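None of the figures in this text is laboratory data; all of them are computed from the coordinates on show. Note that the structure is predicted; figures quoted are calculated from it, not measured.
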Ligand SMILES: [Zn+2]
């Protein structure tokens, strides 16, 4: 596998494991996502703790977010994971900014690619065919445009919206 990351290199906190079971996320998908994230280097890390990582990766028809720590032993510990199926409007064209970006405050997360603190934003849009979601909360790098929705956004309003679309 990419970056040589194997299942044995990835562990889950009890809380994280409960969450992925409840959310129907497979542990092996988290391992695959971490391997891909570590290979491409596209992730956010905490400004005061560069071993704390948050990123996302599209695996087939869903977008998987993983928050994990790089342990001193060189292995990875998953703290949380969440997913959505809708595509981020920016997913295919990273760097295409909304016309009127709402820059709120700098977050504690730093873009690994650009080495700048990412903004906390409230205007992240997802789309499904002709459907555009209401703007959602998350993070956006002011330089490269890399966007991530927050866990509360995905598990709250977005989860409800996806259930609704599924029921159509
Ligand atoms: Zn960036």
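Our summary gives region 87-167 a relative contact order of 25 percent, counting only alpha carbon pairs under 8 angstrom and 6 or more residues apart. In whole angstrom, region 87-167 maps to an equivalent ellipsoid with semi-axes of 23, 14, 10, each derived as √(5λ) from the alpha carbon gyration tensor and ordered largest first. At 10 °C and 1.306 mPa s, what whole-number value in µm²/s does Stokes-Einstein give for the translational diffusion of the chain, with Rh from the Kirkwood sum over Cα pairs? The estimated diffusion coefficient comes to 97 µm²/s. Our summary of shape: the Cα atoms of region 2-84 have principal axis extents of 30, 26, 25 Å, ordered from largest down, in whole angstrom. Taking every C-alpha pair closer than 8 Å and separated by at least 6 residues, the mean separation divided by the residue count of region 2-84 gives a relative contact order of 34 percent.
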